[in-house]
Amino acid sequence: MMNKIDCNECRGWLHAYLDNELDTELSLHIAGHLVHCAACTQCYDEITILAASVKKSIPYYDAPAALTKNIMSNIHLQITPATSIWQTLNNVARNWLVPSFSVAVLTVALLLYVAAPSHEDSFVDEAVSDHIRSLMGEHLNDVISSDKHTVKPWFAGKLDFAPPVYDFSTKGYALLGGRLEYLQHQTAAALSYKHNKHIINAFILPTTDADTASHSLSKRGYNIVFWRQNHMQFIVVSDLNKVELEDLVRDIQNSK
C-alpha cells in the first residue's frame, strides 16, 4: 500500500470511498489526502451531493402485491450459478415490463437506485469521514477541556443552537473537548471522549424531524450509533466495541 496518494489517484477512488467499498487502510489514506487538499474535498462534496440528489429525485411507486410476488418468483427461477445479474435483470425486464421500457433503461435505473446512498447513509458516511480526519491531524478539538462548563459556553456564538455537553468521566468516558464540524450541509458540534485508549466522536446538529430510537451499525471498521432526541440529531462514532459505545449512548440519552 502506498504511503501517499496524489490527486489523480484520490479522485479515481472517490466513488468507491463514498460507497464504503474500500478497505480501512486505503480509506485512511484518502481521508488523509482530503484533509489537506481543498480541490479533492470539493470534488468529494460534489459527488456526495449529486448521489444524494439522484437518490432523492428518483420516483418510487409501490408495486401491486401480485406483481411483486410474480417478479420475485421469476427471479428465483431464473438465477442459477451460471446466470449473471445482467442476464437476470434482462430476463425480468423482458418478461414483466411493458415494451416501451427498454432493458437498458431498466438496468441503468436499477443500478442508480441501488448505488445512490440514502439520506441516512449519507450523513453516517460523512460522520465516519469526519471522525477519521479528526484522528489523522491535530484537529481533534478546538477547545480542550474536561469541564463541560468550559466546553459548552465555547460553542456560544459559533453555532445557531446550543449543543448539550456532558462529562461521564466517573463512568470511564472522559470528556476531552469539542470542535466545530460541517455535517449535512450545516455547521455541527463535535464532542470528543476517551474510553481506555479509544477516541469517541459525538456529532450533534439540530433537526426538525421527529425523535427516533437509536440505531447501531458498522462502517469501515467503526461502530456508529445514531438517533434523534429533543430536536437534535446525534451520531456517535468510534472503534470502541459496540456494547461499550451503546453504554455511552444510553448515558447521553438519559442525561438532563
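Determine if the range 165-188 includes at least one residue that is of a type in the set (Gly, Ala, Ser), under 25 Å from residue 207 (Cα atoms) and part of a loop (DSSP other than H, G, I, E, B). Even if it seems obvious, please write down each step before you answer.
We begin by selecting, within the range 165-188, every residue of a type in the set (Gly, Ala, Ser); these are 169, 172, 174, 177-178, 188.
When the remaining residues are screened for being under 25 Å from residue 207 (Cα atoms), the result is 177-178, 188.
Subset that is part of a loop (DSSP other than H, G, I, E, B): none.
No, the range 165-188 contains no residue that is of a type in the set (Gly, Ala, Ser), under 25 Å from residue 207 (Cα atoms) and part of a loop (DSSP other than H, G, I, E, B).
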Practice task
Please determine, by comparing only the residues of the range 121-166 that are β-branched (Val, Ile, Thr) and touching a helix residue (DSSP H, G or I) at 6+ places or on another chain (Cβ under 8 Å), which one is nearest to residue 24 (Cα to Cα).
Solution key: 132
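When you look at residue 207, is it more than 20 Å from the chain's Cα centre (by Cα), polar (S, T, N, Q) and surrounded by fewer than 20 Cβ atoms within 10 Å (Cβ to Cβ), yes or no?
Working: more than 20 Å from the chain's Cα centre (by Cα): no; polar (S, T, N, Q): yes; surrounded by fewer than 20 Cβ atoms within 10 Å (Cβ to Cβ): yes.
For residue 207, the condition - more than 20 Å from the chain's Cα centre (by Cα), polar (S, T, N, Q) and surrounded by fewer than 20 Cβ atoms within 10 Å (Cβ to Cβ) - is not met.
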Practice task
Go through the residues of the range 48-57 one by one and say whether even a single one is surrounded by 15 or more Cβ atoms within 10 Å (Cβ to Cβ), at pLDDT 80 or above and closer than 28 Å to residue 238 by Cβ.
Solution key: yes
Fill in the blank from the handout: For the range 25-48 the number of residues that are farther than 16 Å from residue 124 by Cβ, in contact (Cβ under 8 Å) with a residue 12 or more places away in the chain and not in a loop (DSSP other than H, G, I, E, B) is 13
Exercise for the section: Spot the failing condition for residue 251; the list is (1) in contact with a His (Cβ under 9 Å, 6 or more places away or on another chain); (2) touching a residue at least 60 places away in the same chain (Cβ under 8 Å), and only one is missed. Expected result: (1)
Exercise for the section: Could you give me the residue pairs with C-beta distances under 7 Å whose first residue belongs to the range 183-197 and is farther than 21 Å from residue 245 by Cα and free of Cβ contacts under 8 Å to residues at least 40 places away in the same chain, whose second residue is assigned to a strand (DSSP E or B) and not acidic (Asp, Glu) wherever it lies, and which are 6+ apart or on separate chains? Expected result: 186/205; 187/159; 187/180
Completion exercise
Per the filter on the range 231-245, residues of a type outside the set (Ser, Thr, Tyr) and touching a residue at least 40 places away in the same chain (Cβ under 8 Å) are 232, 233, 235, 237, 239, 240, 244, 245
Fill in the blank from the handout: Selection over the range 125-160 where residues are surrounded by 15 or more Cβ atoms within 10 Å (Cβ to Cβ) and in contact with a His (Cβ under 9 Å, 6 or more places away or on another chain) yields a count of 1
Completion exercise
Note on residue 174: of the conditions (1) hydrophobic (A, V, I, L, M, F, W, C); (2) modelled with pLDDT under 95; (3) more than 19 Å from the chain's Cα centre (by Cα), unmet is (2)
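Yes/no matrix, rows are residues, columns are (1) of a type in the set (Asp, Glu); (2) modelled with pLDDT of 60 or more; (3) assigned by TED's automatic domain parsing to the domain that holds residue 244:
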site: 74; (1), (2), (3): no, yes, no
site: 78; (1), (2), (3): no, no, no
site: 83; (1), (2), (3): no, no, no
site: 87; (1), (2), (3): no, yes, no
site: 105; (1), (2), (3): no, no, no
site: 110; (1), (2), (3): no, no, no
site: 153; (1), (2), (3): no, yes, yes
site: 160; (1), (2), (3): yes, yes, yes
site: 169; (1), (2), (3): no, yes, yes
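Would you check which residues across the range 189-222 are assigned to a loop (DSSP other than H, G, I, E, B) and of a type in the set (Ser, Thr, Tyr) and list them? Please lay out each step first, then the result.
First, the residues of the range 189-222 that are assigned to a loop (DSSP other than H, G, I, E, B): 196-197, 207-211, 220-221.
Answer for the range 189-222, where residues must be assigned to a loop (DSSP other than H, G, I, E, B) and of a type in the set (Ser, Thr, Tyr): 207, 208.
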Fill in the blank from the handout: Result of the Cβ filter at 6 Å on the range 142-171, keeping first residues that are under 26 Å from residue 208 (Cβ atoms) and free of Cβ contacts under 8 Å to residues at least 12 places away in the same chain and partners that are exposed (fewer than 15 other Cβ atoms within 10 Å of the Cβ) and aliphatic (A, V, I, L, M), at least 6 apart or interchain, is none
Problem - Residue match in the range 220-229 (condition: of a type in the set (A, V, I, L, M) and under 13 Å from the mean Cα position of the chain (by Cα)) - result: yes
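The values are calculated or read from the model by the stated rules, or taken from the named source; none is laboratory data. A quick note: this is a predicted structure, and the numbers were derived from the prediction, not measured. Backbone-built Cβ (ideal geometry, glycine too); neighbour counts: all protein chains shown.
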